[in-house]
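> Below: one structure in structure tokens.
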Amino acid sequence: MQNYIDYRKIQKPLNFENFTVEIGFGSGDFLIRLAEQNKEEIFFGVEKSWISINKLLKKCKLKKINNIYCTRLDAYWTFQLLFKNKSVKTIIINYPDPWFKKSHIKKRLTKKENLFVYAKKLIDNGEIKIRTDHYPFVEFTLQESEFLKCFSTTVSNLSINEPLTKYEKKWLSIGKNIWEIVLKKEKEPEFIETKKIMEVKELFPVKICKEKLNIDAISHKEFKIEEGLYLKCFSVWKNNGDYAIEVVLSEKDFLQAFFITAKNKGEYFIIDVSKFSEILKTEGIQKALNFLAKLFMEVL
């Protein structure tokens, strides 16, 4: 697992320079080929699927490739949390989901907020290279890039003579159009407000001076703690006076699923994150602990 980066456990940002990132690497074959052809360079894969992560790791082990790293995390947060400004040489996005419905546009990888974060991480003259078979996605990407006023843009059709995957060769052979967009960073982007979360070194348990908790106040309920911070509580388990609560926390759309425990100490309870939960320690989690402690103190 030396190729895998667990973003929850490492010191951030990573100390990588002039490296290439592929967002949504799928089977990993494209990334593997790049790494084999450029053994002196560093490559980083971003995926949300454990299936894709495991496929890549197995191929890296089989081929003894040590210049590829990867993480399982949303692309936006990977760039926001893990990479230094002006450290990425090239960003590759091959056939991203175009999210056809207008209501899903905010999920597109090339919306202006994402492009802003990518641009901040790119070195001067660094490039974003995108391949797609959906021309409206091309138009959308070009329109969004204009907000930043930092890219020169080119759009071209792939030809059968270029280095292609087996699927691209098949598509071109049947007359399907494939477009490549290249966004080259000419200067720093115009400022756009983006989502950020604050990581903390330690989370502090909360003590409740009470002999009994109001568990009904939180079981299978959803709460807005503050703007951009939402907590959803699911099942509650009790064991010898202690409780475990399954929760999902949305912090500026950064999702974490974990367990919160309430340990009975006789005259008081200690509210904390379960020691078996692997999380990114953030201000939002601390606020969630404080919020639940307050709910537990409500009159039964």
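The values are calculated or read from the model by the stated rules, or taken from the named source; none is laboratory data. As the structure is a computational prediction, the values presented were derived from the model and not from experiment. With ideal geometry, Cβ positions are generated from the backbone for all residues, glycine too; neighbour counts draw on all protein chains shown.
Listed here are the residues, each with its yes/no results for (1) under 26 Å from I10 (Cβ atoms); (2) aromatic (F, W, Y); (3) under 22 Å from the mean Cα position of the chain (by Cα).
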| site | (1), (2), (3) |
| --- | --- |
| F223 | no, yes, no |
| V247 | yes, no, yes |
| N264 | no, no, no |
| F296 | no, yes, no |
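> If you don't mind, another one. Checking the structure you have, find out if any residue of the range 176-190 is of a type outside the set (D, E, K, R) and exposed (fewer than 11 other Cβ atoms within 10 Å of the Cβ).
Looking through the range 176-190, none of the residues is of a type outside the set (D, E, K, R) and exposed (fewer than 11 other Cβ atoms within 10 Å of the Cβ).
> List pairs: first residue in the range 32-57 and farther than 16 Å from F19 by Cβ, second residue in a helix (DSSP H, G or I) anywhere in the structure, Cβ distance under 6 angstrom, at least six positions apart or on different chains.
As it stands, the answer is E47/I53, since those pairs meet every condition given.
> Right, next: Go through S52, S27 for me and flag whichever is assigned by TED's automatic domain parsing to the domain that holds T132 and surrounded by fewer than 17 Cβ atoms within 10 Å (Cβ to Cβ).
S27
> Follow-up question, since we're still on this one. Do the conditions hold for L203, that is, is it surrounded by 13 or more Cβ atoms within 10 Å (Cβ to Cβ) and farther than 30 Å from D272 by Cβ?
Against the criterion (surrounded by 13 or more Cβ atoms within 10 Å (Cβ to Cβ) and farther than 30 Å from D272 by Cβ), L203 does not qualify.
> Grab the strands (runs of 3 or more DSSP E) fully contained in the range 55-152, keeping just those with 3 or more residues being under 19 Å from T165 (Cβ atoms).
Correct list: 88-94, 122-132.
> Free of Cβ contacts under 8 Å to residues at least 60 places away in the same chain, over 30 Å from K86 (Cα atoms) and surrounded by fewer than 16 Cβ atoms within 10 Å (Cβ to Cβ): does that describe K169?
yes
> Sticking with this structure for a sec: If I ask for residues that are in a loop (DSSP other than H, G, I, E, B) and within 19 Å of L82 (Cβ to Cβ), which ones from the range 20-38 would you list?
Across the range 20-38, the qualifying residues are G24, F25, G28.
> Out of everything in the range 98-139 that is crowded, with 17+ Cβ neighbours inside 10 Å, under 24 Å from S159 (Cβ atoms) and at pLDDT 95 or above, what residue ends up being farthest from the chain's Cα centre (by Cα)?
Ranking the candidates gives V138 first.
> Something else: Out of the residues in the range 266-294 that are under 24 Å from the mean Cα position of the chain (by Cα) and of a type in the set (S, T, Y), which is surrounded by the fewest Cβ atoms within 10 Å (Cβ to Cβ)?
That would be S274.
> Continuing with the same structure: For the range 218-267, name all the residues that are aliphatic (A, V, I, L, M) and touching a residue at least 24 places away in the same chain (Cβ under 8 Å).
Within the range 218-267, I218, I225, L229, L231, A244, I245, V247, L249, I260, A262 meet the criteria.
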